[in-house]
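J.: This is the structure, below, for whatever I ask next.
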Amino acid sequence: MAPSGTPLPTPTASAPSTPVVRRITGLKPTGHLHLGNLVGAIRPMVAGQYRTETIVFLADLHALTVSHQPAQIREFTLEQATILLAAGLDPDRALLYVQSQVPQHTELHYLLECATGYGEAHRMIQFREKSAQRDRVRLSLLSYPVLMAADILLHDVHEVPVGEDQSQHLELTRTVATRFNARYGETFIVPRGVLPAVSARVMDLADPTAKMGKTNASGAGTIFLLDPPEVIRRKVLRAVTDPARTVGYDPMRRPGVANLLEILASCLGGSPDVLAADYGSYAQLKNAVAEAVEAMLRPIRLRYTELARDPGYVRRVLADGAERARDNAADTVHRAKRAIGLLSH
Ligand code: AMP
């Protein structure tokens with residue numbers, strides 16, 4: 001996610017090439033956004049919009065791959081879009097839209113399914129893990145990475161910021177695009193993944209061995225971006241540490257304290273091991289973290305409150321984004337249909 005990420009292998013094919021680097025990121029509207037999303041995805045995307053062509057979409061179709069509440073999806077989608085704008089995403093620079101409002105995602109998804117093996121989809125670790133936790137598995141959970149390939153290939157992007165959990169899916173995207181190009185002629189840009197900086201991973205405050213997430217058990221260890229200041233403070237003060245009582249940076253043996261130092265570093269800048277020397281006790285460290293997180297989230301929360309008073313504005317931004325996305329995507333789908341044999345020209 002981080003702008004300073006390490007590039008994976010260079011793209012191998014090129015359809016219409018553009019001199020500017022284009023990047024895409026999707027956020028799934030399955031819950032409230034949290035500090036991990038801000039540090040790992042939103043901040044790098046906001047910073048990146050000045051250097052790259054930035055495309056951001058709310059992946060509501062992906063949210064349907066597991067059990068969901070119909071009314072909540074729209075609420076989470078609007079809330080997430082509003083937070084992105086409140087955090088500084090500029091709709092005049094970045095393209096922001098909702099996936100289901102651009103039908104070319106599903107149109108290309110089908111064409112790519114015809115270039116993907118059942119075994120390839122079935123081998124995906126995330127499918128195996130997620131399907132093992134459920135009695136009933138939606139077919140869309142199996143084909144999720146093919147829809148993800150469509151999301152990416154639709155926009156001729158060059159770079160995709162990916163965490164470790166998505167790198168296998170991006171590899172499938174590259175495989176399917178390369179195969180499609182080889183079989184039917186150059187159609188898609190084969191994108192490269194950009195790995196996040198290690199410190200971009202925020203861990204759960206109550207269980208620092210698990211990643212902070214939207215759906216972690218009680219939410220006690222997750223700082224949601226719209227949490228009121230007193231809730232943020234309480235969560236930080238209750239963060240799990242260890243019996244050592246001195247502040248030191250040792251992610252392997254002292255993950256709780258290391259997580260607090262990394263959060264502090266991501267708010268203030270600097271490196272966690274250097275910051276450790278400034279604090280004599282856990283109480284001091286936790287107070288500093290609570291203050292730094294609150295100072296970082298306050299302007300976002302205030303701007304969110306303003307924007308939320310006028311949901312019509314956010315909806316207009318999304319409608320305008322969808323229209324622009326449809327225009328871009330229509331070209332790609334046309335190219336793919338022609339290549340695969342459905343259109344003559
Ligand atoms: P998710 O909330 O899992 O849909 O993730 C949306 C984006 O936020 C992805 O790009 C993730 O890599 C990023 N992200 C999610 N959780 C964390 C976390 N705990 N630390 C850093 N980045 C995260």
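For (1) part of a helix (DSSP H, G or I); (2) in contact (Cβ under 8 Å) with a residue 24 or more places away in the chain; (3) open to solvent by less than 20 Å² (accessible area, probe 1.4 Å); (4) not assigned by TED's automatic domain parsing to the domain that holds Val39, each residue gets a yes or a no:
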residue	(1), (2), (3), (4)
Met252	no, no, no, yes
Gly256	yes, yes, yes, yes
Leu264	yes, yes, yes, yes
Glu294	yes, yes, no, yes
Glu323	yes, no, no, no
Val333	yes, yes, yes, no
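J.: Moving on to the next point. Could you please let me know if Val176 is under 22 Å from Ile125 (Cβ atoms), touching a residue at least 24 places away in the same chain (Cβ under 8 Å), within 15 Å of the ligand (Cβ to nearest atom) and open to solvent by less than 20 Å² (accessible area, probe 1.4 Å)?
T.: no
J.: Could you tell me how many of the residues in the range 47-64 are in a helix (DSSP H, G or I) and modelled with pLDDT under 95?
T.: Summing the residues that are in a helix (DSSP H, G or I) and modelled with pLDDT under 95 in the range 47-64 gives 2.
J.: Looking only at residues that are in contact with a helix residue (DSSP H, G or I) (Cβ under 9 Å, 6 or more places away or on another chain) and open to solvent by 30 Å² or more (accessible area, probe 1.4 Å) in the range 22-59, which one is farthest from the ligand (Cβ to nearest atom)?
T.: So, considering only residues that are in contact with a helix residue (DSSP H, G or I) (Cβ under 9 Å, 6 or more places away or on another chain) and open to solvent by 30 Å² or more (accessible area, probe 1.4 Å), the one farthest from the ligand (Cβ to nearest atom) is Arg23.
J.: Can you report the number of residues in the range 133-154 which are in contact (Cβ under 8 Å) with a residue 60 or more places away in the chain and either in a helix (DSSP H, G or I) or buried (at least 24 other Cβ atoms within 10 Å of the Cβ) (or both)?
T.: Here the count works out to 9.
J.: When only residues in the range 193-224 that are among the polar types (S, T, N, Q) and at pLDDT below 90 count, which is surrounded by the most Cβ atoms within 10 Å (Cβ to Cβ)?
T.: Filtering first and then ranking leaves Asn216.
J.: Can you pull out the residues in the range 157-173 that are more than 16 Å from the chain's Cα centre (by Cα) and open to solvent by less than 20 Å² (accessible area, probe 1.4 Å)?
T.: Leu172, Thr173 - these are the residues of the range 157-173 that are more than 16 Å from the chain's Cα centre (by Cα) and open to solvent by less than 20 Å² (accessible area, probe 1.4 Å).
J.: I would also like to ask the following. From Ala319, Ala288, grab the single residue that is in contact (Cβ under 8 Å) with a residue 24 or more places away in the chain, in a helix (DSSP H, G or I) and more than 22 Å from the chain's Cα centre (by Cα).
T.: None of the others qualify; the one that does is Ala288.
J.: What single numbered condition from (1) open to solvent by 50 Å² or more (accessible area, probe 1.4 Å); (2) in contact (Cβ under 8 Å) with a residue 12 or more places away in the chain; (3) in a helix (DSSP H, G or I) fails to hold for Gln72?
T.: (2)
J.: If I filter the range 192-213 for residues that are away from the ligand (no atom under 15 Å from the Cβ) and either among the polar types (S, T, N, Q) or in the same structural domain as Ala330 (by TED's automatic domain parsing) (or both), do I get at least one hit?
T.: yes
J.: Of the residues in the range 225-250, how many are assigned to a loop (DSSP other than H, G, I, E, B) and open to solvent by 30 Å² or more (accessible area, probe 1.4 Å)?
T.: Qualifying residue count for the region: 12.
The values are calculated or read from the model by the stated rules, or taken from the named source; none is laboratory data. What you see is a predicted model; the values in this text were computed from it and never measured. Cβ coordinates were reconstructed from backbone atoms using ideal geometry, including for glycine residues, and neighbour counts include every protein chain displayed. Accessible surface is based on the protein model in full, side chains and every heavy atom, while ligands, DNA and RNA are left aside. Shrake-Rupley method; radii C 1.70, N 1.55, O 1.52, S 1.80 Å.
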